[in-house]
1. Based on what the data block shows, is G10 at pLDDT below 95 and under 18 Å from the mean Cα position of the chain (by Cα)?
2. Could you please find all residues in segment 21-59 being within 22 Å of G10 (Cα to Cα) and aromatic (F, W, Y)?
3. In this structure, is L26 hydrophobic (A, V, I, L, M, F, W, C) and exposed (fewer than 14 other Cβ atoms within 10 Å of the Cβ)?
4. Looking only at segment 35-57, count how many residues are among the polar types (S, T, N, Q) and either closer than 10 Å to F22 by Cα or in contact (Cβ under 8 Å) with a residue 24 or more places away in the chain (or both).
Amino acid sequence: MSDSRMSRWGIILLLLAAVVGFALALYAWLTPLTGVTGTIGALGVALANIILAVLAFILRACSGRGSRISWGIIILLGLFGIGFAALLLHQWVITAAMVVGLVGLIIMINSPVSHKKFARA
């Protein structure tokens, strides 16, 4: 596969994990008898998944190696934090989604950076 396709798959996996995590956390927060209905933890996980999706777009827009690594570390911490919070809330599927997001992050970090050349006037 070409490098741009790998990077595209990485962002798709990362965004898919964020969307699934958000939907499941929102479901757990709103639905009675889930055990975490109306708790701040479930709402926090839902909001953290929105932030994770925004960070994924920021990582996609980065062109420098250092900035990609820095944003990748922040996303990695977010993935671990959301996964751990989901474990504490007994929401195993959200944790599995964060593992999928981790795979997407690894793909994105390992894909080479496209260098844009600017013409000088």
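1. Working: at pLDDT below 95: yes; under 18 Å from the mean Cα position of the chain (by Cα): yes.
Judged against the criteria, G10 is a match.
2. As a first pass, look at segment 21-59 and keep what is within 22 Å of G10 (Cα to Cα): 21-24, 45-59.
Matches in segment 21-59: F22, F57.
3. Taking the combined requirement at face value, the residue does not satisfy it.
4. Just the residues of segment 35-57 that are among the polar types (S, T, N, Q), to begin with: 37, 39, 49.
Next, only the ones that are either closer than 10 Å to F22 by Cα or in contact (Cβ under 8 Å) with a residue 24 or more places away in the chain (or both) stay: 39, 49.
Here the count works out to 2.
The values are calculated or read from the model by the stated rules, or taken from the named source; none is laboratory data. Here the structure is a predicted model, which is why all the values come from computation and not from measurement. Positions of Cβ are generated from backbone atoms using ideal geometry, with glycine treated the same way; all protein chains shown enter the neighbour counts.
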